[in-house]
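Undergrad: Please find one structure pasted underneath; my questions will follow.
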Amino acid sequence: MNRPECPLNTFQIFSTLILLVAIFGYLNHRFVKLPDTIGIAAIGTLVSIVAVVLAQFEANLADDMRVAVAAVDFPEILLHSVLGLLLFAGSLHVSISEVAKEKWLILSLATFGVLTSTVLVGGAFYLLSQGLGLGVSLVHCLLFGALISPTDPVAVLAVLKQVGVPASLETRIAGESLFNDGTGVVVFLSLLGLASGSESVSVGSTLLLFATEVLGGFAFGLAAGYVGFRMLRQVDSYPVEILITLTLATTGYAAAEALHVSAPIAVVLMGLLVGNRGRQEAMSDETRGRLFDFWDVLDQLLNLLLFGFIGLEMMTLSFSTVQAAAAGAGVAIVLLARLICVSAPVLVTPRLRDFHRPAIVIMTWGGLRGGISIALALSLPAFPGRETVISTAYAVVIFSILVQATTLQAVARRVLPSSAGTP
């Protein structure tokens with residue numbers, strides 16, 4: 001997709017956007033009082049809506065704002081730059097032992113759950129688009145299902161820190177979100193090849209792609225993480241050790257992409273190794289404190305900027321009343337598919353029969369979508385109905401951030417018994 005010409009250079013664009021996000025953060029902290037990431041996204045969304053309204057009266061001003069936002073290549077920045085840092089920072093605080101206890105549920109949700117959701121969402125959205133006369137093809141509706149089905153680890157981890165759900169339930173939600181991107185990307189790429197006619201997609205080619213991306217990502221992540229761990233053990237200098245972890249999150253992510261293995265899965269494995277074995281065996285007390293403080297601050301700053309950009313990116317959208325109706329219905333479709341996919345493992349797996357109903361409700365409502373879904377939607381090539389797919393993806397993400405994320409704690413308190421044990 002060609003991006004509009006902008007009179008500002010790259011540094012000026014980014015400094016302006018960072019200024020706006022900082023203003024959003026100030027306004028939220030002083031007046032709105034929502035959690036920082038959610039409040040910034042909410043104010044960014046409101047500003048975008050105001051810009052669209054202003055376009056009806058002062059086209060030049062709104063158009064200049066829209067051009068400045070559209071000049072930022074959001075998919076490139078998120079998927080190939082910032083995501084590695086965010087995933088590494090998030091996985092540092094996830095316990096490997098706790099993930100191992102929930103491995104079967106996490107595995108089923110991260111694989112079969114994503115595949116099932118892709119089919120359910122894609123099929124229902126196809127029927128909806130035909131009924132509304134939007135004419136989006138089945139394969140493009142399935143593409144929408146693939147890009148919206150994986151829960152976003154960035155959004156999920158940012159919210160879980162503030163919600164306070166039971167530890168085992170937090171592990172289930174966080175673990176699933178960290179690992180289901182691999183499956184989602186494989187399905188997305190396979191369907192994209194089918195939609196563009198550039199590849200012949202078969203079960204064999206899809207399984208090969210899955211093995212290469214997911215298993216390759218696991219293998220590379222474990223290898224690179226172990227090398228980083230050994231380097232950390234041999235050094236006692238917190239600036240150098242912070243640089244080593246930065247290298248894992250950036251160069252390691254880029255290397256995984258160059259090898260055509262799942263970079264998100266690879267960097268998650270690196271973060272898990274550093275955050276668990278590295279924390280226990282490779283760091284002095286001073287290094288441990290400074291290194292984890294550094295990643296906490298970086299994680300918060302990047303999340304604030306990311307959620308601010310999500311709100312501002314809405315300026316680039318234009319859609320009709322019918323497309324808006326499809327977007328609203330799309331939110332309900334995605335939520336229903338999520339409920340089915342979370343509940344299904346309980347019905348077919350004896351090991352999970354003790355899985356409490358409140359946990360299903362919380363995991364359904366806590367299946368947040370975020371910047372990754374938007375970046376994948378914006379990366380789609382031109383096709384009839386592209387605007388419908390993008391606007392619906394935005395609707396699902398904005399609903400996740402502004403409604404699900406803000407009410408998740410209240411939902412958890414309502415469905416968990418007052419004397420609840422761990423669900």
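The values are calculated or read from the model by the stated rules, or taken from the named source; none is laboratory data. As the structure is a prediction and not an experimental result, all values here were calculated from the model. We place every Cβ from the backbone using ideal geometry, glycine too, and count neighbours over all the protein chains shown.
Undergrad: Just checking, which of F125, F74, F144 is within 22 Å of I372 (Cα to Cα), out of contact with any Gly (no Cβ under 7 Å at 6 or more places or on another chain) and of a type in the set (F, W, Y)? Show your work before the answer.
TA: Numbers: F125 fails: out of contact with any Gly (no Cβ under 7 Å at 6 or more places or on another chain); F144 fails: out of contact with any Gly (no Cβ under 7 Å at 6 or more places or on another chain).
Criteria check complete, one pass: F74.
Undergrad: To continue, here is another question. For the list (1) under 26 Å from A211 (Cβ atoms); (2) surrounded by fewer than 24 Cβ atoms within 10 Å (Cβ to Cβ); (3) small (G, A, S), I need the number of the one condition that S91 fails.
TA: Among (1) under 26 Å from A211 (Cβ atoms); (2) surrounded by fewer than 24 Cβ atoms within 10 Å (Cβ to Cβ); (3) small (G, A, S), S91 violates only (2).
Undergrad: Just to check your reading of the model, which residue among G133, G123, G175 is buried (at least 24 other Cβ atoms within 10 Å of the Cβ) and touching a residue at least 12 places away in the same chain (Cβ under 8 Å)?
TA: Values: G133 fails: buried (at least 24 other Cβ atoms within 10 Å of the Cβ); G123 fails: buried (at least 24 other Cβ atoms within 10 Å of the Cβ).
Only one candidate passes the filter, namely G175.
Undergrad: Would you mind listing the helices (runs of 4 or more DSSP H) fully within the range 61-106 where at least 2 residues are more than 20 Å from the chain's Cα centre (by Cα) and at pLDDT 85 or above? Step through it out loud before you land on a result.
TA: On the way: elements: 74-77, 83-91, 96-101.
Filter on the range 61-106 gives 96-101.
Undergrad: Now for a different question. Got at least one residue in the range 319-335 being within 22 Å of A158 (Cβ to Cβ), out of contact with any Phe, Trp or Tyr (no Cβ under 7 Å at 6 or more places or on another chain), part of a helix (DSSP H, G or I) and not β-branched (V, I, T)?
TA: Step one: of the range 319-335, the residues within 22 Å of A158 (Cβ to Cβ) are 331, 334-335.
From what is left, the residues that are out of contact with any Phe, Trp or Tyr (no Cβ under 7 Å at 6 or more places or on another chain) are 334-335.
Remaining after also requiring part of a helix (DSSP H, G or I): 334-335.
Retained after the next criterion (residues that are not β-branched (V, I, T)): 335.
Within the range 319-335, one or more residues are within 22 Å of A158 (Cβ to Cβ), out of contact with any Phe, Trp or Tyr (no Cβ under 7 Å at 6 or more places or on another chain), part of a helix (DSSP H, G or I) and not β-branched (V, I, T).
Undergrad: Sort through P166, P150 and tell me the only one that's at negative phi, touching a residue at least 12 places away in the same chain (Cβ under 8 Å) and surrounded by fewer than 24 Cβ atoms within 10 Å (Cβ to Cβ). Reasoning before the result, please.
TA: Numbers: P150 fails: surrounded by fewer than 24 Cβ atoms within 10 Å (Cβ to Cβ).
Answer to the selection: P166.
Undergrad: With a cut-off of at least 2 residues that are at pLDDT 90 or above and touching a Cys at 6+ places or on another chain (Cβ under 6 Å), name the helices (runs of 4 or more DSSP H) lying wholly within the range 354-423. Steps first, answer last, please.
TA: Details: elements: 357-365, 371-378, 386-399, 405-415.
Here the list is empty.
Undergrad: Also, quick follow-up: Let me spell it out: the conditions are (1) within 30 Å of L304 (Cα to Cα); (2) modelled with pLDDT under 80; (3) surrounded by fewer than 24 Cβ atoms within 10 Å (Cβ to Cβ), and D181 meets all of them except one. Which number is the exception?
TA: Result: D181 passes all but (3).
Undergrad: Which number in (1) modelled with pLDDT of 85 or more; (2) buried (at least 19 other Cβ atoms within 10 Å of the Cβ); (3) touching a Ser or Thr at 6+ places or on another chain (Cβ under 9 Å) marks the one condition that L209 misses?
TA: (1)
Undergrad: Out of (1) outside any helix (DSSP H, G or I); (2) surrounded by 15 or more Cβ atoms within 10 Å (Cβ to Cβ), what's the single condition that is false for T111?
TA: Among (1) outside any helix (DSSP H, G or I); (2) surrounded by 15 or more Cβ atoms within 10 Å (Cβ to Cβ), T111 violates only (1).
Undergrad: Something else: Note down all Cβ pairs under 7 Å where the first residue falls in the range 17-43 and is under 16 Å from L306 (Cβ atoms), the second is assigned to a loop (DSSP other than H, G, I, E, B), and they're at least six residues apart or on different chains.
TA: That search, which allows pairs on different chains as well, returns L17/V72; N28/L34; A42/L34.
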